[in-house]
1. Consider the stretch A:142-157. How many of its residues are within 12 Å of another protein chain (Cβ to nearest Cβ) and either touching a Lys or Arg at 6+ places or on another chain (Cβ under 7 Å) or surrounded by fewer than 19 Cβ atoms within 10 Å (Cβ to Cβ) (or both)?
2. Can you name every one of the helices (runs of 4 or more DSSP H) wholly within the stretch B:1-90 that holds 2 or more residues which are modelled with pLDDT of 90 or more and of a type in the set (D, E, K, R)?
3. Is it the case that some residue within the stretch A:75-97 is over 12 Å from the mean Cα position of the chain (by Cα) and among the aliphatic types (A, V, I, L, M)?
4. Give all pairs with beta carbons closer than 6 Å in which a residue from the stretch B:7-20 that is more than 7 Å from chain A (Cβ to nearest Cβ) meets a residue that is in a loop (DSSP other than H, G, I, E, B); count only pairs at least 6 apart in sequence or on separate chains.
5. Restricting to the stretch A:36-55, and then to whatever is more than 7 Å from every other protein chain (Cβ to nearest Cβ) and surrounded by fewer than 22 Cβ atoms within 10 Å (Cβ to Cβ), can you tell me which residue is farthest from A:L164 (Cα to Cα)?
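The values are calculated or read from the model by the stated rules, or taken from the named source; none is laboratory data. Values in this document were obtained by computation on a predicted structure and should not be read as measured data. So basically every Cβ, Gly included, is an ideal-geometry build from the backbone, and we count neighbours across all protein chains shown.
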Amino acid sequence: MNPTVAETDLPGTRSLLEQAQAGDVEAFGEVCRVYETRLFRQSLALCGNEALAQELAQDTLVEAWKCLHRYNGRCQFFTWLCAILLNRHRNTLRKKRPVAWSALGARDGEEFKNKIENTSSGEAQPDGAAELKEQAALVRRCIGALPAKQQQVIHLRFYVDESLEGIAGALGCSVGTVKSRLFHALEKLRAMNAMHAQFEELKPEE
Amino acid sequence: MKACEKNRKPIAWLALGALDAKEAAALRAHLADCDGCRKYFKEVSGATNTLGVATPDADVQAPAHFHRQLMARLRAEKPISAWDGLLAALNWRVAVPAMMVLLLVVLLVLARKPAPTVTSVNPPRVSVVAAVVTVVSDPAPTAVNYQLAAAQSLTKLDELLTKEGNESLPPAPVYTATTKLPDNAF
């Protein structure tokens, strides 16, 4: 491993990673124990579904184990994991074909309708929490509308809290490229934000 | 009012906290004077603040069986060595250009190879004197041969020109009308 392993990784992780890179699966298991909850949270934020999030997070860790030799220590290990997570999530979305409403069974359709009604009525949650969740979903949709490479940098910068150098290391590109992608992503998000603000202003007051 | 074009990127990076202190101070001084840039900074900062809403929920925990399942999967797998990783990366996207380059290199090598020289066991012995005599005795009607003959003597040149002048010339072309005109043409 490169001697410049990100110093901000949790103490003890470095030696465990070195053991894991030497082929020790139990050492890698210990590394996973450190990061799996954070990774699961990231996965859940992307998928919005616990079962899918669990599968995605596990697939990510298995892939990380299989290609552990590629981790060169230019970023935090968690950032590297998140870069794999984002790639896998993008591939999953690519494979997933949109399902026509008519293709759903009658029972599935009813269940889905009920869920939408429950969600929109906000019965199960206090108003504030429901509103926050709605806003978060909206932001996620806006990020999802960005090109994949811009999504990656936004996610790593804002939700993984990585430095520009760390993001560049995780994605295998230059800091300049990361800054450029961030700028273009922010330009688009700014426009979406402005549109949303205008839309909110047009809404009739309750 | 629009933001200054040259400041758009630095303003975005300022909102992201990705500018160094000196550049940030200079840009903040500019923002104090420029309405367009100040408005743009406010919008970009608004977008970055909005992004914060979607931060993953810190209360969520991985399910209890997550680690057990994961370890079972990890034990069934083995890490890919650097060499295996390289081979796995050699899919058609890499293999096809690599083959093209290899083919090109082979073609270039073949093209640069010198043409085979014909060597005979008993090469004909032609003396320089004989060659010169041959050239002078039966030279082709070229400017070089005329110069050679003139260099020897004017008589030689005269002989050469006279000889070529006496040689039978090709028959002059005979032009005949091949199209018969109609009787009432005139």
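1. Counting residues in the stretch A:142-157 that are within 12 Å of another protein chain (Cβ to nearest Cβ) and either touching a Lys or Arg at 6+ places or on another chain (Cβ under 7 Å) or surrounded by fewer than 19 Cβ atoms within 10 Å (Cβ to Cβ) (or both) gives 3.
2. B:8-16, B:21-33, B:35-51, B:66-76
3. Scanning the stretch A:75-97, I find at least one residue that is over 12 Å from the mean Cα position of the chain (by Cα) and among the aliphatic types (A, V, I, L, M), so the answer is yes.
4. Taking only residues 6 or more apart or on different chains, not a single pair turns up.
5. Per the criteria, the residue is A:A51.
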